[in-house]
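The values are calculated or read from the model by the stated rules, or taken from the named source; none is laboratory data. Computed from a predicted structure; not experimentally measured. Glycine also receives a Cβ, built like all others from the backbone with ideal geometry; neighbour counts cover every protein chain displayed.
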Amino acid sequence: MSHTHPPVHEETLQLRVLPPPPPQADPGFSFVEQPLPGWTLPPPALMGWAADTGRRRRTVALAMLAAVLVVQAALSLRLANSAFEDEALYIWAGHVEIGSLFHGAPNYGGFGSYFSGAPVLYPVLAAAVDSVLGLAGVRALSLLFMLTATACLYGLTRRLFNERAGLCASALFAVSMPTLFLGHFATYDAMAVCLLALTAWLLVVIAPRHWAWAAAVAPVAALAVGVKYASALFLPTLVLLYVLAAYRDHYMRRALLRGALFGAATFALLGGGLVASGYLSAIQSTTTARAHGDTPAWQILQDSTRWAGLLVAVALVGTVTYARTARLAEIPGWRRAVPGRRWRTCLGVLLTGTALLAPAYQIHLQTETSLQKHVGFGLFFAAPMAGVGVTRLMGAHFKFPQWAIAIGVLALTLGLSQSASSFGSWPDTRYLIPQLSYTVRPGQHWLGDPKEGPVYCLSRARRTHYQDWLSFFFIDYRTRDGRYLTGVPGYRAAVREGYFDGVVLDYSGGLAPAEEAVRQEMRITGRYRLTGSLPYRTSTGAGHFEIWVRQQSTQ
């Protein structure tokens with residue numbers, strides 16, 4: 001039986017193949033790529049955080065900043081030593097100023113004539129804290145200032161670049177030797193750094209806003225200079241930073257006007273304060289016309305490189321790489337797609353070059369006095385470019401994390417060792433002060449090196465007074481026959497006539513000419529006897545204190 005099928009038309013067996021859809025034009029490429037089967041991933045962002053602009057990024061960044069601040073506080077608080085002579089002097093000067101300002105006591109110190117900062121600012125604040133919390137409280141105040149500076153550095157770098165660069169910059173600055181040292185050192189340097197940092201951060205914040213905000217920030221900058229006169233060295237950097245930050249939103253003409261307003265307001269406040277206070281002689285003797293030393297330039301460069309070389313080197317890497325390209329999403333809120341190369345170059349050179357101002361000025365003065373503190377001012381301004389340098393070395397998506405690890409470990413190691421060495425460079429008076437407390441009596445005249453530490457500690461127990469002590473810096477002695485003698489002859493005459501009830505000498509491998517003359521005179525005349533020799537050890541060597549007391553038979 002056969003089955004017959006209906007006839008099949010030829011056209012029903014033909015498969016109709018539809019033409020493929022026309023390719024979509026892609027303006028970013030010159031060719032069209034056919035879609036592949038399976039999953040298709042979007043192109044990745046150049047930086048891991050570029051796509052995350054919400055609350056999570058800010059929360060993570062602030063948590064990491066808090067961790068950096070905790071580490072900085074722990075590393076600063078580990079430093080221990082007795083009061084340095086500058087710490088004791090500034091705190092005691094603050095007590096004198098408080099007595100003069102609020103209680104009408106005589107201001108016999110003349111601190112305004114030789115302090116490198118206004119004695120009515122930081123010393124008064126330090127003395128007020130000292131009255132309640134002692135030296136530990138004043139040092140904790142310095143730590144608070146340095147932590148605030150690190151936080152302002154993060155905010156500044158985040159606004160100029162992004163959170164990742166801000167965290168890298170704050171971490172490098174937090175573990176640097178000057179930051180750790182100043183964080184546990186009761187002088188006005190920490191307060192000055194904090195005020196400069198606050199000024200820089202505020203200027204970047206107000207850059208896109210109304211021009212009148214510039215006058216509101218000027219008092220903060222003027223206060224920084226009043227706290228420490230050398231802060232004026234960084235005012236041009238602040239003005240130019242404000243101009244560059246304002247240029248992102250207001251173009252050059254308006255940016256220059258804002259910078260001029262901020263500079264004029266700051267200098268007007270400083271001029272008014274200078275006229276009202278009369279501190280011109282102190283500014284000249286401690287800052288603008290300071291006496292030159294004899295330290296060679298190579299030694300200043302060597303020490304500056306030890307303390308600041310790593311951060312400045314990384315900042316140079318950031319400056320060069322950032323000037324070449326700005327394609328790592330480091331500029332949020334720029335009014336164009338990418339900032340121009342000239343702007344990027346100017347910003348990098350300005351911030352990194354500021355780190356060289358303090359060493360260059362001290363090379364000009366040929367002195368290393370306070371160099372370990374002054375380099376910290378410039379490191380704050382170079383730190384943002386160092387943060388950029390670390391991010392550039394790591395690459396997008398942390399492609400080369402070994403760079404950040406190596407730089408971080410090296411910076412931490414140098415900061416730990418150098419800060420401990422600097423903080424242990426002066427003699428510890430923990431055994432000297434108790435010994436003097438049994439010897440010194442109210443109303444006695446003492447000659448001391450050191451002088452400030454015993455005066456600060458013993459005056460709290462009301463066992464001595466500032467005017468009862470004389471240092472080896474200067475003497476104007478009137479002999480019994482009416483002659484006035486200064487220098488070594490004055491010290492010799494005072495010892496010969498038994499003017500001092502006691503003498504403290506710091507013998508660390510040798511004595512200054514005046515100290516050696518006093519020691520010889522005490523031995524020759526026999527008016528004084530050695531009652532104690534207290535050894536000590538510093539990071540630079542060993543020495544001992546000698547306590548000489550006038551014999552009762554000579555009174």
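Brief remarks on what is shown
Yes or no, residue by residue, for (1) among the acidic types (Asp, Glu); (2) buried (at least 17 other Cβ atoms within 10 Å of the Cβ); (3) in contact (Cβ under 8 Å) with a residue 12 or more places away in the chain:
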site	(1), (2), (3)
Ala61	no, yes, yes
Leu69	no, yes, yes
Ala74	no, no, no
Glu87	yes, yes, yes
Gly109	no, yes, yes
Ser116	no, yes, yes
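- The range 519-537, residues that are not aliphatic (A, V, I, L, M) and not in a helix (DSSP H, G or I): Gly526, Arg527, Tyr528, Arg529, Thr531, Gly532, Ser533, Pro535, Tyr536, Arg537
- Inside the range 216-246, residues that are of a type in the set (Gly, Ala, Ser), buried (at least 22 other Cβ atoms within 10 Å of the Cβ) and closer than 24 Å to Leu371 by Cβ make up a count of 5.
- Any chance Phe472 is over 38 Å from the mean Cα position of the chain (by Cα) and not aliphatic (A, V, I, L, M): no
- Residues (more than 18 Å from Gln467 (Cα to Cα) and either basic (Lys, Arg) or assigned to a helix (DSSP H, G or I) (or both)) located in the range 101-121: Leu101, Phe102, His103
- Scanning the range 337-390 for residues that are buried (at least 22 other Cβ atoms within 10 Å of the Cβ) and not in a helix (DSSP H, G or I) turns up just one, Ala355.
- Scanning the range 140-166 for residues that are among the basic types (Lys, Arg) and surrounded by 23 or more Cβ atoms within 10 Å (Cβ to Cβ) gives Arg158, Arg164.
Okay, residues lined up against (1) in a loop (DSSP other than H, G, I, E, B); (2) farther than 22 Å from Phe173 by Cα; (3) at pLDDT below 75:
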position: Gln34; (1), (2), (3): yes, yes, yes
position: Trp39; (1), (2), (3): yes, yes, yes
position: Trp49; (1), (2), (3): yes, yes, yes
position: Met64; (1), (2), (3): no, no, no
position: Gly99; (1), (2), (3): no, yes, no
position: Pro123; (1), (2), (3): no, yes, no
position: Ala126; (1), (2), (3): no, yes, no
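- Of all residues in the range 503-531, those being over 20 Å from Arg480 (Cβ atoms) and within 41 Å of the chain's Cα centre (by Cα) number 14.
Results for (1) under 21 Å from Leu511 (Cα atoms); (2) modelled with pLDDT of 85 or more; (3) part of a loop (DSSP other than H, G, I, E, B), shown as yes or no for each residue.
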site	(1), (2), (3)
Pro427	yes, yes, yes
Gln435	no, yes, no
Arg441	no, yes, yes
Gln444	no, yes, yes
Leu447	yes, yes, no
Pro450	yes, no, yes
Pro454	yes, yes, no
Ser459	no, no, no
Arg463	no, no, yes
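- In the range 392-411, residue surrounded by the fewest Cβ atoms within 10 Å (Cβ to Cβ) [restricted to those that are under 15 Å from Phe173 (Cα atoms) and in contact (Cβ under 8 Å) with a residue 40 or more places away in the chain]: Leu410
- Residue in the range 437-448 that is buried (at least 21 other Cβ atoms within 10 Å of the Cβ), in contact (Cβ under 8 Å) with a residue 60 or more places away in the chain and either closer than 30 Å to Ala517 by Cα or in contact with a helix residue (DSSP H, G or I) (Cβ under 6 Å, 6 or more places away or on another chain) (or both) present: yes
- Failed criterion for Ala494 (all others in (1) hydrophobic (A, V, I, L, M, F, W, C); (2) under 36 Å from the mean Cα position of the chain (by Cα); (3) not in a loop (DSSP other than H, G, I, E, B) hold): (2)
- Single residue of Asp481, Asp506 found to be surrounded by fewer than 19 Cβ atoms within 10 Å (Cβ to Cβ) and either in a strand (DSSP E or B) or on the phi < 0 side of the Ramachandran plot (or both): Asp481
- Matching residues, the range 449-480, being free of Cβ contacts under 8 Å to residues at least 12 places away in the same chain and in contact with a strand residue (DSSP E or B) (Cβ under 6 Å, 6 or more places away or on another chain): Arg478
- Search result, residues across the range 465-475 that are at pLDDT below 85 and of a type in the set (S, T, N, Q): Gln467
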